[in-house]
Amino acid sequence: MSTKTALITGVGPGTGSALARRFAAGGYRVALLARNGERLAALQAELPGSRAYACDVTDSGVLAATLDAVVADMGAPAVVVHNAVGGAFGNFLDIDPAVLERNFQVNVMALLHLARHLSPAMVAAGEGAIVVTGNTSALRGKANFAGFAPTKAAQRILAESMARELGPKGVHVAYLVIDAVIDLAWTRKRWPDAGDDFFIQPAHIADEVWRIAHQPRSAWSFNVEIRPFGETW
């Protein structure tokens, strides 16, 4: 396990960092991708064997160069977690169309580029996992999620298409719907009266991604949903 590499996009202070810590604890070398190089450097110092790559996943040229650097530095990733997310609130009349377009680049096109660049090595190895972190916007279009939900729905469908192509070749693709408010500093401010049971913990999301990425071949999941026990659904 110590020779394997996991690549994680969207390594922010919540879920992304929790994912990095979980895979590092499991023996992986972790490639950390995000725009904030300072935060990545601090996490790299915390996690032996990890490497930070400041990267905007919406820039396909920069992303391709970054992925080439990861493979050269750390070897082809055995696990890829696409956790980077672009989101915006507002109905279809209020949102800036450019925001929806950028969110599509983060959520959908970056996933496409990641898979095109990295899955051939997984196929050649006969194993690998690509896990995408999503949410219920991938399943329904609420009025004030018009700048976000269309891109997450497209992301889920792309992941399903990938799963049908790559699964028979030994590569597991899965989509994790997170039906919850993630426990972060800004979400605590937005819901100041909510108790601890209202939030989902980033570390618990990371545990589920780890489980999915290591499922036995006889029992692979594609659509997986997680939510706090009190969540209405």
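Tabulated results
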{"item": "Of all residues making up region 67-82, the number that are touching a residue at least 24 places away in the same chain (Cβ under 8 Å) and either of a type in the set (A, V, I, L, M, F, W, C) or buried (at least 21 other Cβ atoms within 10 Å of the Cβ) (or both)", "result": "11"}
{"item": "One residue from LYS142, LYS189 being over 27 Å from GLU127 (Cβ atoms), in a helix (DSSP H, G or I) and over 19 Å from the mean Cα position of the chain (by Cα)", "result": "LYS189"}
{"item": "Boolean, SER60 is under 18 Å from the mean Cα position of the chain (by Cα) and closer than 20 Å to ALA206 by Cβ", "result": "no"}
{"item": "Single match in ALA153, ALA213, ALA163 (criterion: closer than 26 Å to GLN105 by Cα and in contact with a helix residue (DSSP H, G or I) (Cβ under 8 Å, 6 or more places away or on another chain))", "result": "ALA153"}
{"item": "In region 59-86, the residues that are in a loop (DSSP other than H, G, I, E, B) and closer than 25 Å to ALA213 by Cα", "result": "GLY75, ALA76, PRO77, ALA78, ASN83, ALA84, VAL85, GLY86"}
{"item": "Test: residue in region 24-34 that is of a type in the set (Lys, Arg) and over 15 Å from TRP210 (Cα atoms)", "result": "no"}
{"item": "Selection count where residues are touching a residue at least 60 places away in the same chain (Cβ under 8 Å) and either assigned to a strand (DSSP E or B) or of a type outside the set (Gly, Ala, Ser) (or both), scope region 108-135", "result": "5"}
{"item": "Checking PRO216 against (1) surrounded by fewer than 15 Cβ atoms within 10 Å (Cβ to Cβ); (2) farther than 25 Å from ALA20 by Cα; (3) at pLDDT 95 or above, the condition it does not meet", "result": "(2)"}
{"item": "Among residues of region 193-228, those that are closer than 21 Å to GLY10 by Cα, assigned to a helix (DSSP H, G or I) and more than 18 Å from the chain's Cα centre (by Cα), counted", "result": "0"}
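The values are calculated or read from the model by the stated rules, or taken from the named source; none is laboratory data. Given the structure is predicted, the values throughout are model-derived calculations rather than measurements. Heads up, the Cβs are rebuilt from the backbone with ideal geometry, glycines too, and the neighbour counts pull from every protein chain shown.
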